[in-house]
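Quick note: the coordinates plus some simple rules give every number you see, no bench work behind them. Note that the structure is a prediction, hence the values are computed from the model and not measured. Reconstructed Cβ throughout: ideal geometry from the backbone, glycine too, with neighbour counts over all protein chains shown.
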Amino acid sequence: MRVLVLSDTHVPDRARDLPAPVWREIAEADVTIHAGDWVEERLLDRIEAVAGRLVAVHGNNDGPALRRRLPEVARVELDGLHVAVVHETGQARGRERRCGRLFPDTDLLIFGHSHIPWDSETENGLRLLNPGSPTDRRRQPAATYLTMEVAAARLHDVRLHALPRR
């Protein structure tokens with residue numbers, strides 16, 4: 001199962017649209033995960049129309065319309081892998097311990113908010129991933145997104161993709 005992971009798209013505030021490579025990934029992925037900060041419903045509608053399956057949450061920059069449509073936390077099972085998606089996890093210091101406590105029955109936690117790619121694991125084996133942002137790199141060298149394969153309750157081939165500067 002091919003999975004695309006996005007967060008912090010901020011369309012149209014930070015970009016008029018998603019980069020073309022991201023739209024291609026959405027069309028090819030079995031599952032697209034978005035960890036919040038959409039900003040406008042129009043992008044949600046467009047991704048829903050293209051994605052094979054969408055798992056998404058709202059973020060702190062998402063208004064009432066998006067909050068009505070999207071949960072704060074989404075939980076899904078992908079081929080036996082227990083996944084949770086949330087926008088914010090708090091400060092980086094203590095993140096693994098805090099998230100391990102908050103998501104004890106989860107194999108993978110996808111989060112956003114910081115625009116900083118993150119890949120770590122807790123003592124109890126919870127994997128934490130943040131894809132960064134495909135539209136607003138902030139202080140990062142490049143705008144980014146993640147792809148991965150899920151099979152038999154395991155993650156494979158987790159890749160952070162850097163997008164060329166616009």
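Table for the structure above
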| read-out | value |
| --- | --- |
| Estimated vicinal HN-Hα couplings, Hz - the stretch 26-35 in sequence order (Karplus 6.51, -1.76, 1.60; Gly, Pro = x) | 4, 5, 8, 6, 6, 9, 10, 10, 10, 9 |
| Evaluated over the chain, the Cα radius of gyration and Dmax, each in Å | 14.5, 41 |
| Glu40 long-range amide H proximity, modeled H, under 5 Å | Val11 |
| Dipole in debye (nearest 20) - the chain, about Cα centre, beta carbon charges: Lys, Arg +1; Asp, Glu -1 | 520 debye |
| Net lengthening on full extension, Asp30/His82 (0.36 nm per residue, minus Cα-Cα) | 17.1 nm |
| Burial ordering of Thr147, Thr9, fewest other beta-carbon atoms within 10 Å first | Thr147, Thr9 |
| Placed amide H near Leu78: partners under 5 Å, 5+ positions off or other chain | Val83 |
